[in-house]
Amino acid sequence: MSEWRVMTWNILGAQHPDVGEIAAIIREQQPDVVSLQEVQRAQLRHLAKQLGWHYAWARKHYPYSPLLWWRAEGIGILSPWTVSGRMRTTISPGVSTWIYKHRVLLAATITRRDGALRVFNTHLASHDADERLAQAKRVADRVRADTSPCKILTGDLNTTGDSEIEVLREFRAVGLLDAGGTVSNPSIAPSQRIDYVLLPAGATTLLSKTPDGGELWARLSDHLPVLVEFAVRQDESC
């Protein structure tokens, strides 16, 4: 069996969270890969430097103007292992990169001595259920087209209730299943589950862990980190 530890976390980078604290939390959990949403490139670079890790980043949108390029928000993939095969694509065609409604998908391959994992990271629409589902379909299409033998999807899916069922159905159709978990937002007193790790159909979930929340977590972000550990058989090429 091959085991992987994966973390996903929307860190609300525009509110300038303490990167040192975030790095300490990541280091304590010892994941093989961390997917971040709403992270600025400089924040991801500082995290990678503090941890001594590698990263890939994709711009999502400019909150203010391209003239303030350093304030651009995006999504990132961070790992102590080799990070290669970066792929970025827009999943909200026709939406300007100047507004928050612009959405992207980032993928990268994490390679260890005993195998490789293709990680997809995204942040779906928050207020429009129809557009969220359309974005999920576009993500599923890219996952389906990817020939990597072992793939996972991570991120802030922004989906609850009936929308959750529809969105997860799209990913189930391409062989990605919910690893299980609990509420992760808002971090001060979590009441909804919108942060996910989706695993290959042959994977076994060994651990799904999310903090209880509270003021200390709310100081860092409005989301809580989600940690999933899973195992796959060696013949599944993970």
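The values are calculated or read from the model by the stated rules, or taken from the named source; none is laboratory data. Because the structure is predicted, anything quoted here is derived from the model rather than measured. Only protein heavy atoms, including side chains, enter the accessible area calculation; ligands, DNA and RNA are left aside. Shrake-Rupley method; radii C 1.70, N 1.55, O 1.52, S 1.80 Å.
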Only helices counted: for the chain, with every DSSP H run of 4 or more residues adding -39500 (n - 2.57) and the sum spread over all residues, [θ] at 222 nm is -7000 deg cm²/dmol
What would the Debye equation give as log₁₀ I(q)/I(0) for the chain at q = 0.10, 0.11, 0.14 Å⁻¹, counting only Cα atoms as equal point scatterers? -0.41, -0.50, -0.85
q = 0.11, 0.12, 0.15, 0.20 Å⁻¹: log10 I(q)/I(0) that the Debye formula gives for segment 119-234, counting C-alpha atoms only: -0.36, -0.43, -0.66, -1.10
Mean shadow area (nm²) of the C-alpha convex hull around segment 41-168 is 8.6
Run the count for the chain, please: Lys pairs, Cα-Cα under 23 angstrom, 8 or more apart or on different chains. 7
Please give the length that would be gained between residue 215 and residue 29 if that part of the chain were fully extended, namely 0.36 nm times their separation in residues minus their C-alpha to C-alpha distance (nm, one decimal). 64.9 nm
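Using the heavy atoms of the protein chains and a 1.4 angstrom probe, tell me the accessible area per residue for segment 81-238 in square angstrom.
On the way: 7020 Å² over 158 residues.
Result: 44 Å² of accessible area for each residue.
Could you look at the chain and say what percent of its accessible area is carbon and sulfur, using a 1.4 Å probe and all protein chains? Write out the running numbers ahead of the final one.
On the way: 5200 of 10390 Å².
Carbon plus sulfur share of accessible area: 50 percent.
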